[in-house]
Amino acid sequence: MTVNDAPNHRPVRIAGVEMGGTKCVCLLGSGPDAIEEVVRIPTTQPAQTLAAIEDVLTNWREDGPGFDAIGVAAFGPLDLDPQSASYGSITTTSKHGWRDTPVAPRLAAKFDVPVGFTTDTIGAALAEGRWGAAVGLRDYVYITVGTGVGAGIVVNGRPALGLSHPELGHLRIPRLTGDDWPGSCPYHGDCVEGLASGSAIEARLGYQGAEVDADHPVWDGVAHALAMMLHAVVLTVMPQRIIMGGSVMLGQRHLYARVTKNCGSVWLATSRRRQLPTDWIAASRRRALAIWPGRSAPSLSRSRRYAREGPERWRFLTLFLIGV
Ligand SMILES: [Zn+2]
């Protein structure tokens, strides 16, 4: 599937950049079946990393087929308020050196095409809605359980964005009876991320969770924390589906059944249904891409001179890449 809204009916070709804590993935393509190039770059310091991304994009523009727009999905927290002077920046991240780093303005100024910008989890959520496990759904939640815990909440087809993007991973939850480990979140200790993320598991055990068998008791606390978070999600969003991905979930598949069992009864009781929908809690579809005809991008164009206006129908398309 490609997007055919570009002039002359050729597919819109977009440069997608997923910025993760350990690596950045740059992609050139017009759909999940039309990926032309993928380049991975280690995430180091901002100046070095952003220069490497720019080199890839410059090469595609000058020696390759070029692109019509750029879509960036980045680790956060991010400033997504188009009226803010720091719109398009990574803000209060604990990742060393990255605090207050402008990303979207820099790329928009250099490449003179529309730039879409959102969080990695919202990008992944939109990807699932466009091409993945949430196709055709209106209200759903994507949750990643990896190095951290994050969520992209889609309501009525749009990502939930209030004053900023939601930070569901930092939800405080009732603890598993008898478990008093203080947790690893530098801000809250035993929030969901502090109990169930890959970094929390590693901090607790002294080695990575990928090496831990499914019957290890550490998973009791992880499954409980995730189930409590999903309990809150069910009662607030009542999603049609919850999609869970990230290295912890995808590496420990037994967690899907455990959290589904814990939360299914909540959904059934509050939704007054007799049975759970098929795949109500579903695994993320990796290698998905999303095109987002976003409404935040026009604001970027209006409020920031660096975003040049393009053809009306496709100027605000953004592309997001997950899991490649
Ligand atoms: Zn926290």
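Read-outs throughout are calculated quantities, based only on the coordinates presented, and are distinct from any laboratory measurement. Every value quoted in this text rests on a predicted model; they were computed, and no experiment measured them. No Cβ is skipped: glycine too gets one built from the backbone with ideal geometry, and neighbour counts run over all protein chains shown.
At-a-glance table
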| quantity | calculated |
| --- | --- |
| Additional length obtainable on full extension of the chain from Lys95 to Arg175, 0.36 nm per residue less Cα span | 26.1 nm |
| The range 136-283: relative contact order as a whole-number percent, Cα under 8 Å and 6+ apart | 27 percent |
| Radius 14 Å from Cβ of Gly169, net charge of other residues (Lys, Arg +1; Asp, Glu -1) | -3 |
| Proximal charge balance of Val135 [Cβ under 13 Å; K/R count +1, D/E count -1] | +2 |
| Surrounding net charge for Gly194, when Lys and Arg each add one and Asp and Glu each subtract one, Cβ distance under 14 Å | -3 |
| Sequence ranges 112-124, 249-261, ranked by mean other-Cβ count within 10 angstrom, highest first | 112-124, 249-261 |
| Sparse-neighbourhood loop sites, chymotrypsin sites (Phe, Trp or Tyr not before Pro) in the range 134-235 - DSSP loop, at most 10 other Cβ within 10 angstrom | Tyr187, Tyr207 |
| Footprinting exposure proxy for Leu27, Leu78, Leu50 (fewest neighbouring C-beta atoms within 10 Å first) | Leu50, Leu27, Leu78 |
| Per-selection Kirkwood Rh - the range 136-283 (Cα, Å, 1 d.p.) | 15.5 Å |
| Derived scalar couplings ³J(HN,Hα) [the range 97-112; Karplus, 6.51 cos²θ - 1.76 cosθ + 1.60; whole Hz; x for Gly, Pro] | x, 9, 4, 6, 9, x, 10, 4, x, 5, 5, 5, 5, 7, 10, 6 |
| Relative contact order (percent, whole number), the range 3-122, Cα cutoff 8 Å, 6+ residue spacing | 23 percent |
